[in-house]
Amino acid sequence: MTLDEAAASVGISAATLRRWVRDGVLPEYRGEWTPEVIGQARLVARMRERGHSLSEIRAATEEGRLAFGHVADLFSGNEPALTLRDASRRTGLDAELIERLMTMLGMRTADTLTEDDLELLRYVAAVLEAGLPLEAMLQLTRVYGQALAQIADAEVRLVHLYVHEPLMRSGSSAAEMADELVGLTGSLLPLASPVLDQIHRRMLAHFIEQDVVGHMEAELEDGDGSGVGRMRVAIAFADLAGYTRLTEEEGELHALDVVERFTDAVTVTLPDDARVIKTIGDEVMIVGSDPVALAEWAVGFQALQSERPLPRIAVHYGYALYRDGDYYGREVNLASRVAARSAGGEVLVTRPIVDAVGSELEFDRIGEVRLKGFTAPTEIFLARPRPEG
């Protein structure tokens, strides 16, 4: 590759590329414009776009802080060559829909697409052609984009923390670090798709079974459950009482360990029909189809806790609006407000849970409480195990 070709590949002038060599920010350059040198030049160009000076980039390169950036070259796809109009014509998808889909996936939104993008869009078109409604496809796309972004972010940060930083501390040169990181990523990358595919298949089979069971056991009621996306579910919120104080007294790392143990304990003990929808700090939101099973889990889970800070849990049963893998609406907000009223070691429940559970547990009526944001009072009960005998 000539100097002019290398500069064009990076998107800078030949004079700029020559100056970078002279200023020592391309240490891999040995008289030839190899793929490794081009990859390093692209990294420098990105750093320059973010406002970093050549002296800062040179220092970071010498210290090995930019070595991980070379891994990005493993993922470089074909160059943008298609307009939205081209993609629309070749896939049969509306141009506005294509732009919306790419945005949901966290990918480029400019009026230029690659052949790889086109292949992805053909899959989407095939799914729609098979009969999946557009609204469902859009929600799935958003969930895929968010979930895979979280996976990719975790992969990058964990490799950085557990591989890149130890290499920097070991005194390895920038070139040695780059070779190690590229080699490791190149070996691990082919394994990611089979692992994710296997997990997806197992989880899909599990939730299909739970959905079938849920339909078989669902109560047929008029009115409340009408409307696409609305379903009756058991909702629980659980967090750790005094978590903020724990963070202040014991430090963030200790508090984080406590939260991770708490979240893991919740996840592995839940009923088969329930799952953790999301975590926010030390708070866990859980949704299941069986209110009896979820209420019994909450009481049983509390009975096993002895280490402070103790959890506080609230369980409610009502109709929620399902969108993009999450649940919304009045009943979700109510469950969250009830959880805020509970104390460490307690399980608070609402009237629908008491009516559904019956005599399986024991309930002490606290009374009708006015919750923040709700005009009508909510009847709250303290749930506890029924004494044996």
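The values are calculated or read from the model by the stated rules, or taken from the named source; none is laboratory data. Remember, predicted model here, so these are calculated numbers, not experimental data. Counting neighbours? That spans all protein chains shown, and the Cβs are built from the backbone with ideal geometry, glycine included.
Quick look at the values:
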quantity	calculated
Enumeration of residues in the stretch 232-242 that are among the aromatic types (Phe, Trp, Tyr) and surrounded by fewer than 18 Cβ atoms within 10 Å (Cβ to Cβ)	none
Sole residue being at negative phi, modelled with pLDDT under 90 and in a helix (DSSP H, G or I), chosen from Met137, Met107	Met137
Residue list for the stretch 320-364, restricted to those being in contact (Cβ under 8 Å) with a residue 60 or more places away in the chain and of a type in the set (D, E, K, R)	Arg323, Asp324, Glu331, Glu360
The stretch 160-188, residues that are farther than 13 Å from Arg65 by Cα and in contact (Cβ under 8 Å) with a residue 12 or more places away in the chain	Glu180, Val182, Leu184, Thr185, Gly186
Among (1) basic (Lys, Arg); (2) surrounded by fewer than 19 Cβ atoms within 10 Å (Cβ to Cβ); (3) closer than 30 Å to Val143 by Cβ - the single one Arg312 does not satisfy	(2)
Selection from the stretch 1-26 of residues that are among the β-branched types (Val, Ile, Thr) and under 17 Å from Met47 (Cβ atoms)	Val10, Ile12, Thr16, Val21, Val25
Complete set of residues in the stretch 321-338 that are on the phi > 0 side of the Ramachandran plot and surrounded by fewer than 16 Cβ atoms within 10 Å (Cβ to Cβ)	Asp324, Gly325
Subset of the stretch 329-344 (residues that are within 19 Å of Gly281 (Cα to Cα) and not basic (Lys, Arg))	Val332, Asn333, Ala335, Ser336, Val338, Ala339, Ala340, Ser342, Ala343, Gly344
In the stretch 296-333, the residues that are assigned to a helix (DSSP H, G or I) and among the aliphatic types (A, V, I, L, M)	Ala298, Val299, Ala303, Val332
Options Ala343, Ala320: the member that is in contact with an Asp or Glu (Cβ under 7 Å, 6 or more places away or on another chain) and of a type in the set (A, V, I, L, M, F, W, C)	Ala320
Tally, over the stretch 286-309, of residues that are buried (at least 20 other Cβ atoms within 10 Å of the Cβ) and among the aliphatic types (A, V, I, L, M)	6
Residue count for the stretch 334-369, restricted to those that are basic (Lys, Arg), outside any helix (DSSP H, G or I) and within 28 Å of Leu246 (Cβ to Cβ)	0
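Conditions tested, residue by residue: (1) part of a helix (DSSP H, G or I); (2) surrounded by fewer than 14 Cβ atoms within 10 Å (Cβ to Cβ); (3) among the acidic types (Asp, Glu); (4) modelled with pLDDT under 85.
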| site | (1), (2), (3), (4) |
| --- | --- |
| Asp117 | yes, no, yes, no |
| Ala126 | yes, yes, no, no |
| Leu132 | no, yes, no, no |
| Ala154 | yes, yes, no, yes |
| His164 | yes, no, no, yes |
| Arg169 | yes, yes, no, yes |
| Met177 | yes, no, no, yes |
| Ser193 | yes, yes, no, no |
| Arg201 | yes, yes, no, no |
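Residue-wise test of (1) surrounded by 15 or more Cβ atoms within 10 Å (Cβ to Cβ); (2) modelled with pLDDT of 85 or more; (3) not β-branched (Val, Ile, Thr).
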| site | (1), (2), (3) |
| --- | --- |
| Ile12 | yes, yes, no |
| Glu28 | yes, no, yes |
| Glu36 | yes, no, yes |
| Ser55 | no, yes, yes |
| Arg58 | yes, no, yes |
| Glu62 | no, no, yes |
| Arg65 | yes, no, yes |
